[in-house]
Amino acid sequence: MYEKRIRRPQRGPVDAIVDVLTAATRYDLLLAIVPVAFAVALVTAIALGVSIGQTLLIAAIVGVFVIADACYLNPPIDQGSP
């Protein structure tokens, strides 16, 4: 017995990325900024010869501002509340 494949329209990897990005909320994007800031800090430290401590401090400050914005300045609002 052989299984019959279901014919589904083939979707490319770009379509999957577009679906994920359109489903992402503001808070998903804000949380993505934190590790990106640290990665940029490390690359900057290596590429420019700047102290890693200085660049990580800047990345930490960016992370604090992002989390403060997401949690305190523009907190999520429950859409189902009366």
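Values quoted throughout were computed directly from the atomic coordinates according to the rules given, and no laboratory measurement underlies them. What you see is a predicted model, and the numbers here were worked out from it, not measured in a lab. We place every Cβ from the backbone using ideal geometry, glycine too, and count neighbours over all the protein chains shown.
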Subject >> Karplus (6.51, -1.76, 1.60) ³J(HN,Hα), θ = phi - 60°, over the stretch 62-76, in Hz, Gly and Pro reported as x >> reply: 4, x, 5, 5, 5, 5, 4, 5, 5, 9, 10, 7, 10, x, x
Subject >> Which labelled figure in [x] 3, 15, 18, 15, 12, 10, 9, 7, 5, 4, 2, 1, 0; [y] 3, 12, 19, 20, 18, 16, 9, 2, 0; [z] 3, 12, 13, 12, 12, 12, 11, 8, 6, 5, 4, 2, 1 is P(r) over Cα pairs in 5 Å bins from 0, in percent, once derived from the coordinates >> reply: [z]
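So if R0 is 30 Å, what FRET efficiency would CYS71 and ASP15 give, r being the distance between their Cβ atoms, rounded to the nearest 0.05?
Working: r = 33 Å, r/R0 = 1.11.
Efficiency at R0 = 30 Å is approximately 0.35.
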**OP:** Can you work out the PRE-style zone for LEU29? Point 7 Å along Cα to Cβ, and I want the residues of the stretch 56-78 with backbone N under 14 Å.
**Re:** 70
Original post:
Using the Karplus equation 6.51 cos²θ - 1.76 cosθ + 1.60 (θ = phi - 60°), what ³J(HN,Hα) coupling, rounded to whole Hz, does each residue of the stretch 48-56 give in order, writing x for Gly and Pro?
Top reply: 9, x, 7, 4, 5, x, 5, 5, 5
Original post:
Using the alpha-carbon atoms, what tilt in degrees (0 to 90, nearest 10) does helix 13-23 show relative to the longest principal axis of the chain?
Top reply: 70 degrees
Subject >> Dipole axis of the chain (+1 Lys, Arg; -1 Asp, Glu on Cβ), positive-most option in ILE52, LEU29, CYS71 >> reply: LEU29
